[in-house]
Structures are given as structure tokens and as C-alpha cells.
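**Student:** Once you've had a glance at the structure underneath, I'll fire off some questions.
Please treat every number below as a calculation from the coordinates, not as lab data. Everything numeric here is computed off the predicted structure, so don't read it as measured data. Here the Cβ is made from the backbone with ideal geometry for all residues, glycine too, and neighbour counts use every protein chain on show.
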Amino acid sequence: MLDLAFIRSNPDIVKEAARVKNNTIDVNYLLEIDRQVTTLQRQMEEMRAAQNRLSKSIQNAGKDKALRDALIAEGKQLAEQIKSLEPRLNTLLEERQQLLYLVPNIPDPSAPIGKDESDNVPIRHRGKTPAFDFEPRDHYTLMQELDMVDIERGVKIAGARSYILKNDAARLELALMNFALDRMVQKGFTPLIVPAMAREFCFIGNGQFPKGRDQVYAIENDDTFLVGTGEVSITGMFKDEILQAEDLPMLFVAFCPCFRREAGTYGKDTRGVFRIHQFNKVEQYIICKADHAESVR
């Protein structure tokens, strides 16, 4: 989440970030709510300062009953005014906080801008695209012929977008997970196996909530949700901690079972093992200084 002071000082940068990310957040409205919050807080602080002055004046009033009574009445009036303003301030603070959750991070200037994944720009190509003198089979057909997947029974167990890997496919997935972990460890990353369940603050801190809440499975009767990426759990590891600059960058590679509801994707990539509800993933994660040169190094 962007620091509020940064948003106040750089509204145009934030607006442009929202535009290129197709984010509908109204930055001007957020700043107006913020202005109302600060104005109301200032008023209440001035009233509390006046209360403190009145308290001293009451102590100094001595035996002047009329003066004491007048000062006490004025103090009660100020207390009632403060009490009447508190609900409004709390409402504004909550609205500002919810709006802040929706503000996008500033994208890297080298990232291509596009409406969707069709505008992705390839960084590099390896090898040559093969040309076949026959109609290639898709992955699902090949896996069925090699007895590597059972979607029908997976659906029977857990519903749509479920599957069972069999034989070499099961072994291949585990091999790929290990290969990815080993490869990143060789590059200096610390390997982790993180929880697949996380509390709400992890999703908020990672930017998954509130916008992506409809894609996450909630665990009833617990303040936990199933993660859709290991990033959520790694981010939550450092809640309420102050990291030392000399310890950065911190490099992690995490294995985690992941779960996504895939709400709103009906009809997309429906054949085969696409847009599934449960999958395993190895996640590369780096905590570094908020510096462009270091982040792209």
C-alpha cells in the first residue's frame, strides 16, 4: 500500500499509475476524504487543547463559584461537541483506509502498458518454433493417452476445475518443484515451505484484498483464508517488524499449495488442466529497498 504522504505529494503520478493499470480509483476523491479527515482532526485537537486550558482555569478559579460553574459548563459543551464529531471522523477514517487499499503501486517504467495479457511483450525467444507435418495434439489429449491425468474422477471428488495427476505426471510435478527450488537456492535464495492458510492482514498487506477477495476461499469459523500464492504468506511473516537496511535484499523461494476460486472465468481455457482451483507453485520473492535501480538488478 502506498504511503499517504506520497499520494498527497504525487497525485499525478498515482493517477497515471491507476490509468495504465486500468484501475478506477478516484484519487481526487481520496484526497478530498483525506482533507476532511485532517480538517476534522485539527478541529478536535483544538477543542481538546481548549479543554485542557479550561481545566487549568477551573483549578485557578478558587472560590469564585460563578466562574467555576461557567467554566465547567463550557467544558461540558466542548466534550459534547467532541463526542458528536467522533462518529463522523471514524467513518471518514474507515472510508479513507478502504480507498487506500485500492490505490495501485507505481509500475516499473520499463513495464509495457496494455489492456490485458494480449499486449504482453516477449523479452526474448529461445530456439525456433517447431513446424509439424501433422495436427499436434493438445496437452489434455496427450496426458489421457499416456494415462497421466484423470479429470473425471477429480471432478467427482472436488467439483469443476479439479483434476488428478497420475503416473509420470505426478512424478514430473514433484520433480519440477524440486528443480525450481534447487535452481533458486543455487542463486542464493533461502528456501521456504510456507502455510497455505493465512490471516486477513496478510492478504491486505500483499494487495490481494479487498479487490481480489472474490477469488479467495474463506475458511469458515476461522480468521483464515486459503492463499492463491506464496507471496501472501511470506509478506505476512514480517508484519510489525522493522527490517534493517544492511540485511537487504532478502531473497526467498517458497513452495506452497495454492488455491483460487477462479470466479468469473467460466468458459475460459476449459479443456484440460487450466484455471484450476488447486495447484502447487514455487514462488520467487525479494524484499529490497524502495529503489528502482536495486529492484530491477
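**Student:** Pairs of lysine in region 1-143 with Cα under 27 Å and at least 8 positions apart or on different chains: total?
**Tutor:** Number of lysine pairs found: 8.
**Student:** OK, next. Non-local amide H neighbours of THR224 (under 5 Å, H modeled in plane, Pro and chain starts lacking H): which ones?
**Tutor:** Amide H neighbours of THR224, under 5 Å, 5+ apart: ILE219.
**Student:** For region 219-297 and region 76-147, write down the distance between their C-alpha centroids in whole Å.
**Tutor:** Rounded to whole Å, the Cα centres lie 12 Å apart.
**Student:** Amide H to amide H under 5 Å from CYS258: which residues, 5+ apart in sequence or cross-chain, H placed 1.01 Å off N in plane?
**Tutor:** Correct list: PHE279, ASN280, LYS281.
**Student:** Which of these, VAL27, VAL103, VAL155, has the largest mean-square fluctuation under a Gaussian network model of the chain (Cα springs below 10 Å)?
**Tutor:** VAL155
**Student:** Can you sort VAL253, VAL185, VAL273 so the residue with the fewest Cβ neighbours within 10 Å comes first? It would help to have the intermediate numbers written out before the result.
**Tutor:** Details: VAL253 23, VAL185 13, VAL273 18.
Exposure proxy ranking, most exposed first: VAL185, VAL273, VAL253.
**Student:** For the chain, what is the calculated [θ] at 222 nm in deg cm²/dmol (nearest 500), taking -39500 (n - 2.57) for each run of four or more DSSP H residues and dividing by its residue count?
**Tutor:** -15500 deg cm²/dmol
**Student:** Relative contact order for region 139-295 using alpha-carbon pairs under 8 Å, separation at least 6, rounded to a whole percent?
**Tutor:** Values: 231 pairs, mean separation 38.2, N = 157.
Reported as a whole number, the value is 24 percent.
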